[in-house]
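Since the structure comes first, as structure tokens, the remarks are kept for the end.
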Amino acid sequence: MMNLSNRPRRNRKSAAMRGLMRETSLSAANLIYPMFVQEGETNSPIESLPGCTRWCVADIAAECCLLYQLGIPCVDLFAVVPEHKKDAQGTEAWNPEGVVPRAIRAIKKAVPQMLVMTDVALDPFNTYGQDGLVREYEDGSYEILNDETVEALCRQALCHARAGVDVISPSDMMDGRVSAIRAALDAEGFTHVSILSYTAKYASAFYGPFRGALGSAPKFGDKKTYQMDPANRREALREAAADVAEGADMLMVKPATMYLDVIADLRANTTLPIAAYHVSGEYLMIKAAAASGWLDERSCMMEALLSIRRAGADMILTYAAPQVALWLAEDSTAN
Ligand code: PBG
């Protein structure tokens, strides 16, 4: 017999003991479900995001009732914009009759308790597929304009606020947009509308399936002059300090599982709630491996999401939200 005073396995000896020792939990109340809304009267499945749908305005509200019954407290809306409605400025982004403001009104009418969040950025709306306004030069080079973009984002945020949105979520990574959006909202009396800032959003290849779903991939170039370099960790703290100073209510790290160190850093350096976006590529890796029979979908998805919570995220944006809420409900009735 070994002479061991410390036997950590004692704390893992039964399910009940492991339950007592558990440091992190995942609940439907932590989940935000990203949803896509399109023109017309029909819904269409998204091939690149199995299990997800492009919803028409007429059906998204009924779906939100079901999601709310599953315990999901918040949805995040993204617009699918037909090519003929896109222009260089992305003006459809602040059309009060666009799909997003119409969907906000429909959801808030059908299920007022559901928190409605909207993505604020220009990439689904402009012909360039860039999050900001683009200036092209004669030599073929181009620039993503910062200050002009921020003005456009304020128009988009106000359009959503007038439709009744609860949370504005700017995903564009322009400098100074949180304070500008805060001021624009407050000036129209929308002091109650929250801002969840994409604080540390990296220039990630894992957004590929999402851009396929929206038809919003950049027509040329990349997003590296505004989204962060995946090599950088300290820079996330600089972005976080700026967002805190500008009045953000919540901070986001995106993607999530490849950036758990960044989530942990932000958790240690701010008292604000932290969200993490488990992005399309992270979701698809698990779905695709499971569809091939190589991974167990349920346990891998739960482990991935739990790791995000363990790193310090309060809330998780995930395409798996409805499925996970069902699994969690099953687990609680099984116990
Ligand atoms: C665009 C936006 C993107 C995502 C959310 N908002 C894509 C991008 O920045 O190119 C990605 C979401 C995902 O991959 O699930 N403003």
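The values are calculated or read from the model by the stated rules, or taken from the named source; none is laboratory data. Note that the structure is a prediction, hence the values are computed from the model and not measured. FYI the Cβ positions are ideal-geometry reconstructions off the backbone, even for glycines, and counts take in every protein chain you see.
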Tell me yes or no: at least one residue of segment 134-142 is surrounded by 18 or more Cβ atoms within 10 Å (Cβ to Cβ) and either more than 16 Å from the ligand (Cβ to nearest atom) or within 27 Å of THR191 (Cα to Cα) (or both).
no
All positions within segment 270-281 that are in contact (Cβ under 8 Å) with a residue 12 or more places away in the chain and either away from the ligand (no atom under 16 Å from the Cβ) or acidic (Asp, Glu) (or both):
THR270, LEU272, PRO273, ILE274
ASP76 - would you say it is within 16 Å of the ligand (Cβ to nearest atom), charged (D, E, K, R) and surrounded by 12 or more Cβ atoms within 10 Å (Cβ to Cβ)?
yes
Specify the residue that is nearest to the ligand (Cβ to nearest atom); the eligible residues are those in segment 227-269 that are in contact (Cβ under 8 Å) with a residue 60 or more places away in the chain and over 19 Å from ILE168 (Cα atoms).
ALA256
Of the residues ASP76, ASP59, only one is in contact (Cβ under 8 Å) with a residue 12 or more places away in the chain and within 20 Å of ALA121 (Cα to Cα); which?
ASP76
Checked segment 158-179 for anything of a type in the set (Asp, Glu), within 19 Å of PRO34 (Cβ to Cβ) and more than 12 Å from the ligand (Cβ to nearest atom); matches are ASP166
Quick one: which residue in VAL324, VAL279 is among the β-branched types (Val, Ile, Thr) and closer than 19 Å to LEU70 by Cβ?
VAL324
Scanning segment 308-335 for residues that are of a type in the set (S, T, N, Q) and surrounded by fewer than 18 Cβ atoms within 10 Å (Cβ to Cβ) gives GLN323, SER332, THR333, ASN335
Only listed residue being within 14 Å of the ligand (Cβ to nearest atom), among the charged types (D, E, K, R) and not in a strand (DSSP E or B), chosen from ARG182, ARG155, ARG211:
ARG211
Tell me yes or no: at least one residue of segment 301-308 is under 24 Å from GLY71 (Cα atoms), out of contact with any helix residue (DSSP H, G or I) (no Cβ under 8 Å at 6 or more places or on another chain) and at pLDDT below 95.
no
Within segment 128-159, how many residues turn out to be in contact with a helix residue (DSSP H, G or I) (Cβ under 8 Å, 6 or more places away or on another chain) and more than 22 Å from HIS84 (Cα to Cα)?
5
For segment 162-179, give me each residue that is assigned to a helix (DSSP H, G or I) and of a type outside the set (D, E, K, R).
ALA163, VAL178, SER179
Can you say whether ILE107 is away from the ligand (no atom under 16 Å from the Cβ), among the hydrophobic types (A, V, I, L, M, F, W, C) and either crowded, with 24+ Cβ neighbours inside 10 Å or without any contact (Cβ under 8 Å) to a residue 12 or more places away in the chain (or both), as far as the supplied structure shows?
yes
What tally of residues in segment 187-208 results from selecting those that are more than 12 Å from the ligand (Cβ to nearest atom), in a loop (DSSP other than H, G, I, E, B) and of a type in the set (Gly, Ala, Ser)?
1
